[in-house]
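Take a look at the structure below.
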Amino acid sequence: MNVTLRCRAYPDKETASEAWRHIEIHRQIRNHAIRDYYSHDYGNRPTAYDQHRKLTDWKQQWPLFSEVSAHAAQQTVSEIHKNVETQKGRRENGHKTGQLKWQGSGERRSVAYQSEGFDVDHNTGQDGYATLRLSKIGHIPIRAHREISLTENIKRVVLKKERTGNWFVCLVTERPDEDLPKKPDPSTLDPADCVGVDLGILSYIHTSDNTAVDILDLSDEYDRYAREQRKLDRKQIGSNNWEKQRQTVATAKRHIKRKVLDYQHKLTTWLVREYDLVAVEDLDVKPMLETSQNAKNKQDAAWSRFLDLLEYKADLYGTHVVRVEPAGTTKECSACGVETSKPLWIREHSCPACGHTEDRDLNAAKNILSRGRKQIGAGRSESSPVQTALPTSTPLRVDAKRVVEAGSPEA
């Protein structure tokens, strides 16, 4: 599997200016390749290899194209064909897609090198730093907050300038499958080491062992973002003060994004370390955002990224992650299986057939776990005996602040 290390980069003023100029040239190469691709009839459009060969002629016609690394230019062209394949897959899944769009000035913010055109120097004489050399751009100091692999072990390098003005480098390495921990045999899984996770609004997650983790409170961060945005609206567009304030707004927005991402990293790491099987809902988030009045809360939850992180870390820690069909998990009784419809505002599950009563999200999490165990071939989860007319158990609630500061719900 591929593992990406993201490092802060500190190019000097001259190197940063040259890197940004290269990114703008790559934007023009991409736009020209898109025009060439769609100028051909459908079914007779050029492949990535065809357009790689055309790069030589394009460089003669537009000498500006030859000022960037030839290898990086090929990666820019290949990016188009990867996007086309992604669109094809979306169409096969019933989505409507149009043509690839051109990028305007400033829209492209990165350049990629694959396998060659870069070199990492670890002998900088300064602890915690390394130097990255990029072909035709120059030498860039990077912060080595973790161990950086040798150049021959790095498959891909991406240099990116964020809208805040900061530069970052992504180093992609390949981790052999034999170095990854093996996942346990599903038939040998202990029910105590399996968990179902219900994604919600009142709590970020509610597990089948009755642990609820609160939603991250971002009200202060959004207030700050709104204030900075109002200041930006009062600036003259394009002026120096406008540019400085634009970066301030981008910094406020980045703070929100990083706080949510840090929160998700710590939650997913805790789940894959604590359990051998994690069953989650396979949610289709896009229609939920389009039709719900709680769209903003759901967007802040970033459920799609949470699920992707969970699956990614499951491979790193040797944990099974199973996505199950979410339909009916709230209605179905975890004790007897009878379905009971209930509106969203009713937060307690009460089965009219067997009398089983418990928290609505806990009931859904147990159903998710049962479906996950069945789907992976580990059988149904062990449900508690049916109880009648008993009060709902109180879940262990974990404040979101504890997750962000401590690193896991039980720290």
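The values are calculated or read from the model by the stated rules, or taken from the named source; none is laboratory data. Fair warning: this is a prediction, and the values are worked out from it, not measured in the lab. Virtual Cβ from ideal backbone geometry, glycine too; neighbours counted across all protein chains shown. Ligands, DNA and RNA are stripped out before the accessible areas are found, and what is left, the full protein with its side chains, is counted by its heavy atoms. Shrake-Rupley method; radii C 1.70, N 1.55, O 1.52, S 1.80 Å.
The table below lists the values:
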{"quantity": "Cβ-placed point charges (K, R +1; D, E -1), dipole of the chain about Cα centre in debye, nearest 20", "calculated": "1860"}
{"quantity": "Net length gained if the chain between Lys235 and Tyr49 were fully extended (0.36 nm per residue, minus Cα distance)", "calculated": "62.3 nm"}
{"quantity": "Probe 1.4 Å, accessible area per residue of the stretch 2-174, Å²", "calculated": "56"}
{"quantity": "Quotient of C-alpha Rg and 2.2 N^0.38 Å, computed over the chain", "calculated": "1.17"}
{"quantity": "Extension gain from Lys257 to Tyr38, taking 0.36 nm per residue of separation minus the Cα-Cα distance", "calculated": "75.3 nm"}
{"quantity": "Percent carbon-and-sulfur accessible area, the chain, ignoring ligands, DNA and RNA, probe 1.4 Å", "calculated": "46"}
{"quantity": "Range in the chain, longest, excluding exposed GluC sites (Glu not before Pro) [loop by DSSP; at most 16 other beta-carbon atoms within 10 Å]", "calculated": "163-381"}
{"quantity": "Net length gained if the chain between Cys170 and Arg397 were fully extended (0.36 nm per residue, minus Cα distance)", "calculated": "78.1 nm"}
{"quantity": "Exposed-site-free run, longest, the chain (rule: chymotrypsin sites (Phe, Trp or Tyr not before Pro); DSSP loop; at most 13 other C-beta within 10 Å)", "calculated": "103-344"}
{"quantity": "Proximal charge balance of Lys183 [Cβ under 11 Å; K/R count +1, D/E count -1]", "calculated": "-2"}
{"quantity": "Heavy atoms of Arg143 accessible to a 1.4 Å probe, total area in Å² rounded to 10", "calculated": "90"}
{"quantity": "The chain, relative contact order [Cα under 8 Å, separation at least 6], %", "calculated": "16"}
{"quantity": "Relative contact order, percent, the stretch 126-236 [alpha-carbon distance under 8 Å, six or more residues apart]", "calculated": "11"}
{"quantity": "Within a Gaussian network of the chain (alpha carbon springs, distance under 10 Å), most fluctuating of Arg230, Arg30, Arg108", "calculated": "Arg230"}
{"quantity": "Where labels lie 7 Å past Cα in the beta-carbon direction, separation of Glu152 and Thr124 in nm", "calculated": "2.3"}
{"quantity": "Separation of the Arg91 and Thr188 label points, Cα + 7 Å toward Cβ, nm", "calculated": "4.7"}
{"quantity": "Spin-label pair Thr131/His145, simplified geometry with 7 Å Cα→Cβ offset, distance in nm", "calculated": "2.4"}
